[in-house]
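The block underneath contains the structure these notes are about, expressed in structure tokens.
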Amino acid sequence: MTDETGTTLFHQSMPFTERLGIEVLEHGPLLVRSRLAWDESLCTLGGMLHGGALMSLADATGAVCAFLNLPSGKTGTTTVESKTNFVRGMRSGYAIASARPLHAGRSFIVVETEIHDEASKLVAKVTQTQAVL
């Protein structure tokens with residue numbers, strides 16, 4: 001089931017997520033979950049979901065997680081570092097991202113995002129640092 005409020009938040013704050021078709025499953029300070037459907041237009045040759053599409057899913061999901069963990073009085077974040085490890089490819093179904101805060105400080109927020117396929121197999125792991133604005 002999709003989280004309509006979270007999906008609206010994603011699409012209004014990051015219009016690119018609407019173009020990709022990202023849907024939010026749940027959002028809160030301790031966990032943000034979203035998904036991206038496999039689509040031929042998002043693939044490399046051979047029908048594999050493009051790594052850039054997966055990184056966009058992780059970056060957007062992590063950004064919302066960071067935003068929901070902002071210190072009082074702060075207004076936003078921006079990604080200053082992101083590291084992705086791809087573990088397996090995807091040729092169908094949904095990529096499901098789950099982002100959790102590792103550190104929520106005054107200047108930086110570190111978020112870890114795992115992307116799994118519908119069989120719960122790890123597809124990618126992303127660690128990103130968001131600067132607090």
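Could you give the dipole magnitude of the chain about its Cα centre, charging the beta-carbon of Lys and Arg +1 and that of Asp and Glu -1, in debye to the nearest 20? If you can, show how the numbers build up before the last one.
Numbers: 11 positive and 13 negative charges, 85 e Å.
The dipole magnitude comes to about 400 debye.
What does the charge add up to near residue 92, with Lys and Arg as +1, Asp and Glu as -1, over the other residues with Cβ less than 15 Å from its Cβ? Write out the running numbers ahead of the final one.
On the way: positive: 35, 88, 91, 121; negative: 39, 40, 117, 118.
That sum, taken over residues with Cβ under 15 Å, equals 0.
Please identify every one of the trypsin sites (Lys or Arg not before Pro) in the stretch 1-82 that sits in a loop by DSSP and has no more than 15 other beta carbons within 10 Å of its own beta carbon. Intermediate values should be presented prior to the final figure.
Working: sites: 19, 33, 35, 74; in loops: 74.
Filter output for the stretch 1-82: 74.
Taking N as the number of residues in the stretch 1-89, what is its Cα Rg relative to 2.2 N^0.38 Å? Don't skip to the answer; put the middle values down first.
Working: Rg = 13.7 Å, N = 89, 2.2 N^0.38 = 12.1 Å.
With N residues counted in the stretch 1-89, Rg over 2.2 N^0.38 Å equals 1.13.
Put one equal scatterer on each alpha carbon of the stretch 37-98, apply the Debye formula with no solvent term, and list log10 I(q)/I(0) at q = 0.19, 0.22 1/Å to two decimals.
Scattering profile of the stretch 37-98, log10 relative to I(0): -0.75, -0.90.
In terms of Cα to Cα distance under 23 Å, which lysines are near enough to residue 83, apart from those fewer than 8 places away along the same chain?
121, 125
Pairs of Cα atoms under 8 Å, at least six residues apart: use those to get the relative contact order of the stretch 41-133, whole percent.
Computed value for the stretch 41-133: 33 percent relative contact order.
Can you give the extra length, in nm with one decimal, that the chain gains between residue 85 and residue 41 once fully stretched, where that is 0.36 nm per residue apart less the Cα-Cα distance?
Details: separation 44, 0.36 × 44 = 15.84 nm, distance 2.26 nm.
Residue separation times 0.36 nm, minus the Cα-Cα distance, leaves 13.6 nm.
Here, each number is a calculation from the coordinates, and none is a lab measurement. Because the structure is predicted, anything quoted here is derived from the model rather than measured. As a convention, Cβ positions derive from the backbone with ideal geometry for all residues, glycine included, and neighbour counts pool all protein chains shown.
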